[in-house]
Structure formats: C-alpha cells, structure tokens
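The values are calculated or read from the model by the stated rules, or taken from the named source; none is laboratory data. Quick caveat: nothing in here was measured; it's all calculated off a predicted structure. With ideal geometry, Cβ positions are generated from the backbone for all residues, glycine too; neighbour counts draw on all protein chains shown. Remember, those area values only see protein heavy atoms, side chains included, never the ligands or the DNA or RNA. Shrake-Rupley method; radii C 1.70, N 1.55, O 1.52, S 1.80 Å.
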Amino acid sequence: MLNKYVIGIDVGGTHTRIGQISASGVVLKNQMLRTADYGNATIFLEHLIGAIKSMVNDDMKGFLGIGMGAPSVNEQHQTITYAANLNWDGSLDIIKVLSEAFSVTVKLTNDANLLVLAHQYFDDALLSDFFVVTLGTGVGAGICCNGSLLKGKEGFVGELGHVIVKDSGRSCSCGRKGCLETYVSATGMIRTVTSLIAEFNNYKGSLLDLPMSHLNAKRITELALSGDEIAKRALIITGEILGKALANMVALFNPQHIYLAGGVTHADQLLLAPTRQSFYQHLLNVYPDQVTIEKSKFDDHEGAVLGASVLIWQLNEA
C-alpha cells in the first residue's frame, strides 16, 4: 500500500519549521531554517524549496501536497501580505512558487490557526469552543467556535498581538504603538527586562553582565528560576498583561478552554500563575470561572507543522 504524506510548514519570524507528516500525525522527517538569516523572500524560497526536495527525494507518488502557515496571510488571495515580523515587502505569492516547483496542491493559512487545526484533527479532547494563543516572536490567536475555525473575510481573524493595550505605548513593528505583542511576546519580554534594569538602580544581578544580543525568553526564564528579581518581575508583568487580554477575548468568544503555546510558555508556572490570577481578576462575572488556561499539548516543534498538514488532509477527506 502506498504510504501517503504531506509536507507541513510553519513560517515564523525567527524560524521556519518543515515536517513530513503521515496521515496518523507522525512527523516522519523534519528540518528547520532560520527565517531571519535570509535577506529577502526570493532567497528564502530558494532554500525552502531545497529543504522540501531533500525530504521528498524520489518519493513523489505518496506526496499529496503542502500545507503552510505564515504571519499576515490573506486567505482570500492566498498571499502573505506585509507581515510585520518578516522583512519581506508587499504581497508574496508563495502558492504559485511552490506549486510550480512540486506540481502538488499548496494551501496557506494564518500561522495562528495551525495549532487550532492540530487540536481539531489530532487531539482526543474534541472541544468545540476554544482558542490557542501563540507567544513567540509575535503574538497570534487561532479561534474555534462551535467546532469551526474562524477566519474572517480575508483570513485576518485572531491578530491578537496587534490589539492595542496601552495608549502611546511601545512602538510595534506594524507601525503603531501599544500593541499587545510589544509586551507579551518573547521580544516584548526582553523589552520589559531592559526597562526594569533602567528602573532598578540598585540591581546587581546577572542581567547586567549579559549582552542584550544574548538575551532571549529562554534565558530570562532560566534567570527567573534561579531567583533573579528582575527576570521574575518581568514574567509577572507579562502574565498580568496577558491575563487581562485573555479575559477580554473570553468576552468576545465565550470559549471552554484556552491553550497557550510558543517559546514564552516554557516559563511554565512563572508565567501561568500570574496569567491566571490576572485573567480571573478581569473576567466578566457572567462567565463561569471554569474556563481553563493551560499549555497546548503540542510542542513548539511539531504542533504547527501538524496543523499545517491538516490543510491538505482535509482536502483528501472531502
């Protein structure tokens, strides 16, 4: 029997993950590219095509298609349009490039939808109303209502990272100020740390000796676990702002469950505890306090590419 597979791709602001996925949700092969290393979309696509070819090799008979998630996807036109965290100008017709390179069906969706698709297709919980918030280089949200993934007219539903949470706040890569992702993304958390260092004149911790180029969410979490006061405070502030935003999301979508995903969530209870506290503090009292907030069961490396593969598996079920 012919073994069928799909290539799933998650294009992120820092990394692009590529997986060869079986129908049962097994990642047969995987690769990663550093998105930020490529100066423009053309060079990036050349390396992406090369990576896919190395996975496919000569096994084209079982190759059903390519599913892909990326920031700022216009679903109506199936293009990537002015993505704030990608240094690509204008609209990129990535569908045309990849379909011509491999002669297979290529489908594109907003990257925040990928984990919703993974939970819908590969999770035993089978929830009908939930959303997934991704906390990485940026912030996005995928929303499932009454068992259906919400997309909107052009596919831009869930741009939670660009909800303004502070008037005249931090400058965002989208060109506005005060967006949520400038506070609760990995880059936002780094900005919080640097502002706290400037505020605390008597701080003597490890952050003073760490070059800013080496500072990331993982390192902040490590320092917080070791007792660094600024790192701990940065995670509390991140959780407080995130919890309030999630409470506002509940007022709009009334979910059963909220999943958090992405590198920032590796802080576990250091982030989850202040997030939950802030969430319940700001939650409108008509909603039950049983709304659950937890980390997604899918890890950063596999969840997104599994979700991307669903775009093709769904077509083959129809």
Flagged in the range 75-93 as closer than 20 Å to T137 by Cβ and either surrounded by 13 or more Cβ atoms within 10 Å (Cβ to Cβ) or modelled with pLDDT of 90 or more (or both), in numbering order, are I80, T81, Y82, A83, A84, N85, L86, N87, W88, L92
Select from the range 128-176 the residues that are farther than 22 Å from G243 by Cα and either buried (at least 19 other Cβ atoms within 10 Å of the Cβ) or of a type in the set (D, E) (or both) and list them in ascending order.
E154, G155, S173
Return the only residue of D129, D167, D209, D124 being of a type in the set (D, E, K, R) and touching a residue at least 60 places away in the same chain (Cβ under 8 Å).
D129
Find the residue count for the range 219-238, including only residues that are under 9 Å from L270 (Cβ atoms) and open to solvent by 80 Å² or more (accessible area, probe 1.4 Å).
1
Answer yes or no as to whether H266 is over 22 Å from Y203 (Cβ atoms) and touching an Asp or Glu at 6+ places or on another chain (Cβ under 8 Å).
no
For the list (1) closer than 22 Å to T187 by Cα; (2) modelled with pLDDT of 80 or more; (3) surrounded by fewer than 19 Cβ atoms within 10 Å (Cβ to Cβ); (4) in contact with a strand residue (DSSP E or B) (Cβ under 8 Å, 6 or more places away or on another chain), I need the number of the one condition that S54 fails.
(1)
I need every pair where a residue in the range 257-275 that is on the phi > 0 side of the Ramachandran plot has its Cβ under 6 Å from the Cβ of a residue that is open to solvent by 10 Å² or more (accessible area, probe 1.4 Å), sequence separation at least 6 or different chains.
G262/T134; G262/G136
Would you say Q31 is touching a helix residue (DSSP H, G or I) at 6+ places or on another chain (Cβ under 8 Å), under 19 Å from G307 (Cα atoms) and open to solvent by 30 Å² or more (accessible area, probe 1.4 Å)?
yes
